[in-house]
Each structure stands twice: as C-alpha cells, then as structure tokens.
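Worksheet for the structure shown next.
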Amino acid sequence: MKKRGILAIALLGVTLVFSGCKKNDEINFETYSRYKDVDTTKYVTLGSYKDIKVSVDTFDVTDTDIEKKIHDVQLKNSTYVKNDDRPISKGDKVKIQMTGTIDGKENDGFKSDNFEFVYGNGEYVMDGFTDNLAGMYAGENAKFSITIPSTFSEKAFVGKEATFQVLIKSVEQHVIPEMNDEFVQKISDSKTVEEYKEGLIPTIKQEKLEEIKKDKKTGAWKIVSDASEISGYPEGAVEKKSKELEEKVKVMAMVNNMELEDYVKNYYGVTFEEYVKLVLKQEMLLDAIGRAEKITLSEKEYEESLTEYAKKYGYNTNEEFVKAVGEETVKEALLWDKVQAFIAEQVTIEE
C-alpha cells in the first residue's frame with residue numbers, strides 16, 4: 001500500500017483544498033498556509049526556538065514518562081501461559097489450524113497447521129476473520145464464511161466468498177507481572193518500587209537525549225513545542241479539526257481492531273479531544289515560526305524535495321504523488337518540513 005503523503009501529513013492526518021497557484025510563484029506561508037487569513041500569534045506564545053542547548057539536564061521526567069517506562073519493563077518481562085479454561089480474550093496468543101476454500105477449491109494462502117497470532121492486536125488473514133473466533137475455547141472447531149473485503153491484498157478474490165474450517169489448537173493468556181517490591185527486586189538492585197522509579201529518571205533523561213541525537217529534527221521540534229503555549233483557537237477550529245480527524249482516525253482504529261479512543265490513547269498517550277488540540281497546536285506553531293522567520297521554498301527546492309518524498313513514499317513519479325495528495329497540500333507540508341529543519345539547525349547537543 002502506498003503511503004498517502006509526506007511525514008508532516010502522515011503525523012497530523014491533514015488534507016485541505018486550496019486555491020490554485022502559478023508555477024513560478026514563491027512558495028511561502030502567506031500564500032500556502034491554511035492559516036493565511038489568521039494571525040496565529042494571537043493564539044500562540046512561542047517558546048525559545050533559537051540557539052537551543054540540549055543536555056540530559058534539559059529534560060523533565062514526568063509521571064507519565066515513568067509509568068510508560070515501567071509498562072515497557074512489565075511487557076518485556078511478561079509471559080504467555082496456556083489457559084484452556086476460558087474463551088479467547090484480547091491479548092491472548094492463539095494457535096489455529098485452518099483451511100480456506102474459494103469457489104469450492106482449497107486455497108494455499110488460507111491453509112496452515114500452526115497459524116499463530118495475538119487476538120485483538122489487529123486483523124489477520126482478512127478483515128472479519130478473527131471476529132468469528134470470539135468466545136471460542138481451545139479444542140473447539142468452527143466453520144464460517146466471509147465475503148472477501150476490498151481491503152484484501154489479492155484483488156482478484158475481492159467480493160468472492162471464502163469458507164474457513166478452523167480448529168483452535170491452543171490459547172495462551174498474556175500475563176503481565178505486577179509492579180511491586182518483589183518484582184523490582186528480581187529485575188534490579190532496588191528494594192522498593194519507589195526506589196526503582198527514582199532510579200529510572202537518569203535513564204529516561206539519557207534516552208531522551210539519545211532520541212534527539214538520532215533524529216534531531218523531531219527531537220528539536222518537540223522541545224520547541226513543549227516550551228510553547230496555546231491560549232486559544234480560531235473560531236470553529238476545534239470542531240472542524242475534530243470532525244476531520246475523527247474520520248481518519250476511525251479508519252486506523254478499525255484496521256487495528258480498536259475503538260477510536262483506545263487507538264488514540266495507545267498510540268499518542270492522550271484522549272481524542274487532547275489529540276485534536278495537539279494537532280492544532282503543531283499547525284499553528286509551524287505557521288507562526290514560518291512567518292516570523294520568513295521561511296520560503298524556491299521552485300528548485302520544491303522540485304528537489306518533491307522528488308525525494310515521492311520516491312520515499314512509493315510513487316513512481318512526482319506527478320503521481322502530487323495528484324494523490326494535492327499540490328497545495330504538498331507545498332504547505334514541505335514548508336512545515338523546512339521549518340522543522342530550521343529548528344533542528346538551532347540545536348547544539350552538549351554531553
């Protein structure tokens with residue numbers, strides 16, 4: 001599947017339609033920003049974004065950071081335990097034997113003696129397959145049919161009926177260890193949970209510094225974003241963005257077999273409402289800094305970046321990429337990208 005746009009678009013999930021432009025026009029925020037008719041400085045208080053010195057002491061470690069680190073440690077030490085006494089539940093590792101037929105003929109792509117997957121962690125085989133296994137126990141058999149959906153990779157089969165014969169060979173429950181004194185004594189030199197949490201702080205700070213070293217553009221932008229504040233939003237902006245993002249995020253949530261709120265919480269660590277406001281904050285910050293620094297793209301820069309991103313995201317030609325995403329949307333996103341590159345240039349890492 002081709003990715004539907006460059007990094008900024010993928011992260012923010014945003015596409016809008018703008019008025020047309022002449023080929024040789026300078027590409028700037030005054031023409032191509034979706035906020036071209038809004039004074040974003042009325043809503044944005046910019047943090048310092050020049051001459052940024054970064055070291056381990058730059059970073060604050062929040063309770064959320066610590067809880068996330070602890071959760072990662074718990075997952076790393078989690079196990080799967082065979083459990084035949086309860087039905088398949090979300091997070092269980094399930095092993096099945098299956099045979100699938102189309103037009104009465106067995107299909108090798110639907111045949112396996114030991115197909116293993118984690119139930120509830122996205123779809124497998126095809127959309128709707130795992131739904132038919134809900135409530136089953138190890139040792140049980142099921143027979144069901146699915147009309148092959150448009151999302152299936154083999155387009156020649158779309159719309160046909162596939163019939164499956166499935167045996168649940170085993171169900172293993174995902175067991176995550178409880179975070180208590182006994183557990184931390186097993187995995188560390190700490191004696192208590194509080195002592196262990198305190199010991200995580202230097203590690204988390206160093207990890208944040210290493211992340212910036214690996215990806216200065218993303219890391220530097222996060223520092224500037226965290227240091228900036230939003231005092232409000234243009235009239236109707238939250239409602240409009242909420243509706244726009246809801247449609248997009250629902251699709252991603254459905255693909256991952258999750259509810260919208262669960263998906264956003266899992267991937268972004270916030271509620272959907274907070275996510276909407278976070279997206280708006282990023283957009284307005286990009287606009288405010290872009291205008292303040294008079295950041296522009298020359299036609300040459302545009303063409304070079306366009307070629308790079310079209311190739312990166314799997315398009316054969318620049319024209320195909322622009323047609324899929326939209327010329328004005330691409331230009332705005334490339335302006336955003338240049339703002340982030342400008343911010344990255346302001347960072348000096350101090351060991």
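The values are calculated or read from the model by the stated rules, or taken from the named source; none is laboratory data. Just so it is clear, the structure is predicted and the values come from calculations on it, not from any experiment. Cβ coordinates were reconstructed from backbone atoms using ideal geometry, including for glycine residues, and neighbour counts include every protein chain displayed. These area figures cover heavy atoms from the full protein model, side chains too; ligands, DNA and RNA do not enter into them. Shrake-Rupley method; radii C 1.70, N 1.55, O 1.52, S 1.80 Å.
What Kirkwood Rh does the stretch 64-124 have if only Cα atoms enter the pairwise 1/r average? Answer in Å. Please report the intermediate quantities before stating the final value.
Details: mean 1/r = 0.0688 Å⁻¹.
In the stretch 64-124 this quantity evaluates to 14.5 Å.
What share of Cα pairs, in percent, lie more than 25 angstrom apart in the chain? Don't skip to the end; give the middle numbers.
Working: 40879 of 61425 pairs.
Roughly 67 percent, once rounded to a whole number.
To the nearest 20 debye, what is the magnitude of the charge dipole of the chain about its Cα centre, counting +1 on the Cβ of each Lys and Arg and -1 on the Cβ of each Asp and Glu? Write down the numbers at each step before the final one.
On the way: 50 positive and 67 negative charges, 160 e Å.
Around 760 debye, computed over the chain.
With a 1.4 Å probe and all protein chains in place, put Asp287, Asp72 in order of accessible area, largest first. Please list the in-between numbers first.
Numbers: Asp287 0, Asp72 70 Å².
Ranked list, largest accessible area first: Asp72, Asp287.
Using only Cα atoms, tell me the angle between helix 299-312 and the longest principal axis of the chain; keep it within 0 to 90° and round to the nearest 10.
So the inclination is approximately 10 degrees.
Return one number: the angle in degrees, 0 to 90 and rounded to the nearest 10, between the long axis of the Cα atoms of helix 63-76 and the longest principal axis of the Cα atoms of the chain.
Between the helix axis and the principal axis of the chain, the angle is about 30 degrees.
Would you report the distance distribution of C-alpha pairs in the stretch 26-177 as whole percents per 5 angstrom bin, up to the bin with the largest distance?
Computed distribution, short to long bins: 2, 7, 12, 13, 10, 8, 7, 7, 7, 8, 8, 8, 3, 0.
Let a ≥ b ≥ c be the square roots of the eigenvalues of the Cα gyration tensor of the stretch 91-240; is it rounded (a/c under 1.5), or, if not, prolate (a/b larger than b/c) or oblate? Present the calculation step by step, with values, prior to reporting the outcome.
Details: a/c = 2.97, a/b = 1.57, b/c = 1.90.
Oblate.
Among Ser305, Ile148, Tyr49, whose Cα lies farthest out toward the positive end of the dipole of the chain, if unit charges sit on the beta carbon of Lys, Arg (+1) and Asp, Glu (-1)?
Farthest along the dipole direction, towards plus: Ile148.
For His174, tell me the accessible area in Å² from a 1.4 Å probe, rounded to the nearest 10.
60
In whole percent, and with a 1.4 Å probe on the protein chains, what portion of the accessible area of the chain is carbon and sulfur? Numbers along the way, then the final one.
On the way: 9580 of 19980 Å².
So the carbon and sulfur contribution to the accessible surface is 48 percent.
For the chain, calculate the relative contact order in percent as a whole number, restricting contacts to Cα pairs under 8 Å that are 6 or more residues apart.
On the way: 485 pairs, mean separation 106.6, N = 351.
Contact order relative to length: 30 percent.
Ignoring ligands, DNA and RNA, how do Thr147, Thr348 rank by accessible area with a 1.4 Å probe, largest first?
These residues rank, largest area first, as Thr147, Thr348.
With a 1.4 Å probe and all protein chains kept in place, how much accessible area does Ser231 have, in Å² rounded to the nearest 10?
90
Compute the acute angle (0 to 90°) between the alpha-carbon long axis of helix 216-227 and the principal axis of greatest extent of the alpha-carbon atoms of the chain; round to the nearest 10°.
80
If you project the alpha carbons of the stretch 185-310 onto the principal axes, what extent comes out on each, in Å, largest first?
60, 35, 35
Ignoring ligands and nucleic acids, what accessible area does Glu345 show with a 1.4 Å probe (Å², nearest 10)?
140
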